[in-house]
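Student: Below is the structure I would like to discuss, written out as structure tokens.
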């Protein structure tokens, strides 16, 4: 069974950005490529868009500051403050 396709309009709505933003990200190499699915019609592979979203979510989790409410040991606190 083949991969499902998501139109540019659907992808923009799903991500809460404009189609121009998707185009910009794609030109910079920060977004999955499109595929020609019919004359004058392009779309993204759903699996590639899902993978891109998962990698974005992972990178955002890595960039989050430590939780100030989380209790940590004195040694780790000293290391964090250094």
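The values are calculated or read from the model by the stated rules, or taken from the named source; none is laboratory data. In this text the structure is predicted, and so the values were computed from the model without any measurement. Heads up, the Cβs are rebuilt from the backbone with ideal geometry, glycines too, and the neighbour counts pull from every protein chain shown.
Student: What single numbered condition from (1) surrounded by 15 or more Cβ atoms within 10 Å (Cβ to Cβ); (2) within 11 Å of the chain's Cα centre (by Cα); (3) in a helix (DSSP H, G or I) fails to hold for residue 26?
Tutor: The single condition residue 26 does not satisfy is (2).
Student: Here is a follow-up. Which one of these does residue 80 not meet: (1) loosely packed, with under 10 Cβ neighbours inside 10 Å; (2) at pLDDT 90 or above; (3) over 22 Å from residue 4 (Cα atoms)?
Tutor: Condition not satisfied by residue 80: (2).
Student: Tell me which residues, restricted to the range 35-55, are within 14 Å of residue 9 (Cβ to Cβ) and assigned to a helix (DSSP H, G or I).
Tutor: Once the filter is applied, which keeps residues that are within 14 Å of residue 9 (Cβ to Cβ) and assigned to a helix (DSSP H, G or I), the range 35-55 yields only 49.
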